[in-house]
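Read-outs throughout are calculated quantities, based only on the coordinates presented, and are distinct from any laboratory measurement. What you see is a predicted model; the values in this text were computed from it and never measured. Note that we place each Cβ from the backbone using ideal geometry, even for glycine, and neighbour counts take in every protein chain shown.
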Amino acid sequence: MKIRFGYEIVHDFPNPTPMIILLGAHFTRASDIIKPDFMVTTPVVPITPYRDGFGNWCSRIVSPAGRMTIFADGIIRDSGLPDVLTPGAQQHAVEDLPAETLVYLLGSRYCETDRLSELAWSLFERTPPGWPRVQAICDYVHNHIAFGYEHARATKTAWEAWNEGRGVCRDYAHLAIAFCRCMNIPARYCTGYLGDIGMPPPYGPMDFAGWFEAFLGGRWHTFDARNNMPRIGRILIAQGRDAADVPITHTFGPNTLVSFRVWTDEVE
């Protein structure tokens with residue numbers, strides 16, 4: 001399968017403004033790229049790439065005052081298969097976890113393990129450890145939160161999402177991640193593309209998606225509390241502790257978002 005994917009994001013800036021942009025396909029998909037999703041800016045400005053502390057490739061620019069458009073349009077090869085299910089994946093004892101996974105056991109900006117630990121243990125202590133426990137967390141979060149774009153809020157945390165019972169994909173991911181960490185399962189936030197390939201219509205507006213990965217059986221596994229079913233055509237952009245680590249754009253000054261388009265479609 002081939003998937004065309006990309007975006008067009010337009011801002012107005014009153015002043016010259018530095019930006020960090022995290023929008024390219026993740027380096028783990030490099031061998032699948034058919035047409036690179038190179039970022040193009042209008043007006044043209046220098047782009048400086050760097051790799052952050054989580055291994056994600058980022059881009060730095062300084063937008064001049066006025067209108068700035070960032071655009072990319074790529075094609076990627078995909079297996080066309082849904083997310084892999086591994087029901088037998090085992091949970092590790094904390095003392096046996098690889099050192100690089102330990103940071104994903106800790107509380108973070110949007111995942112307050114201190115506030116949610118008692119609740120998590122009351123809900124999931126009797127679930128079988130490992131994959132069944134993470135799936136039980138996904139089932140609970142999927143049923144507890146009502147989805148709606150009108151419920152989106154940039155500052156909403158996992159604790160607030162649980163209390164309010166509504167949110168968007170990042171809120172599902174944050175709450176599931178926090179519950180996993182409370183149960184001593186490393187979990188990390190993922191952002192990327194997820195279209196409607198293989199799904200029946202009607203289709204909603206396209207946006208970037210948030211899901212998570214849990215470390216079980218010696219490797220990371222994909223989970224999606226928002227959709228709570230295997231999906232086709234995920235294109236990872238970045239991973240981090242939570243959404244604070246992987247904003248698609250981070251602007252260091254006032255601006256107005258004028259328009260925002262995302263696409264990810266199967267092509268011949």
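Taking amide H atoms as placed 1.01 Å from N in the peptide plane, the amide H of Ala238 lies under 5 Å from those of Thr191, each 5 or more residues away in sequence or on another chain. By the Cα gyration tensor, the chain has an equivalent ellipsoid whose semi-axes, rounded to whole angstrom, run 31, 21, 18 from largest to smallest. Using the Cβ-Cβ distance between Asp207 and Asp12 with R0 = 30 Å, the FRET efficiency computed as 1/(1 + (r/R0)^6) comes to roughly 0.90.
The dipole here belongs to the chain: it is taken about the Cα centre, uses +1 on the Cβ of Lys and Arg and -1 on the Cβ of Asp and Glu, and is about 280 debye. Every helix of 4 or more DSSP H residues in the chain counts as -39500 (n - 2.57), and over all residues that averages to -5500 deg cm²/dmol at 222 nm.
Computed packing ranks the peptides 233-244, 111-122, 34-45, 171-182 as 171-182, 233-244, 111-122, 34-45, most packed first, by mean other Cβ atoms within 10 Å. Once the chain from Asp83 to Thr42 is taken as fully extended at 0.36 nm per residue, the excess over their C-alpha distance is 11.1 nm. Once the dipole of the chain is set up with Lys and Arg at +1 and Asp and Glu at -1 on Cβ about the Cα centre, which of Leu216, Pro200, Pro64 lies farthest towards its positive end? Most positive-ward Cα: Pro64. Summing charges over all other residues whose Cβ lies under 12 Å from the Cβ of Met199, with Lys and Arg as +1 and Asp and Glu as -1, gives -1. When every alpha-carbon pair in the stretch 153-268 is counted, what percent end up more than 23 Å apart? The calculated P(r) of the stretch 153-268 puts 34 percent of pairs beyond 23 Å. Computed across the stretch 74-209, the Kirkwood radius stands at 16.3 Å (inverse of mean 1/r, all Cα pairs). Shown is the FRET efficiency for Asp32 and His250, computed with R0 = 35 Å from the Cβ-Cβ distance and rounded to the nearest 0.05: 0.85.
Shown is the FRET efficiency for Asn143 and Arg261, computed with R0 = 30 Å from the Cβ-Cβ distance and rounded to the nearest 0.05: 0.40. Annotation: amide H-H contacts under 5 Å for Arg67 (H modelled 1.01 Å from N, sequence separation of 5 or more, or interchain): Phe13. Relative contact order of the chain: 30 percent, from C-alpha pairs under 8 Å at least 6 residues apart in sequence. Taken as Cα centroids, the stretch 18-71 and the stretch 221-268 sit 14 Å apart, rounded to the nearest whole angstrom.
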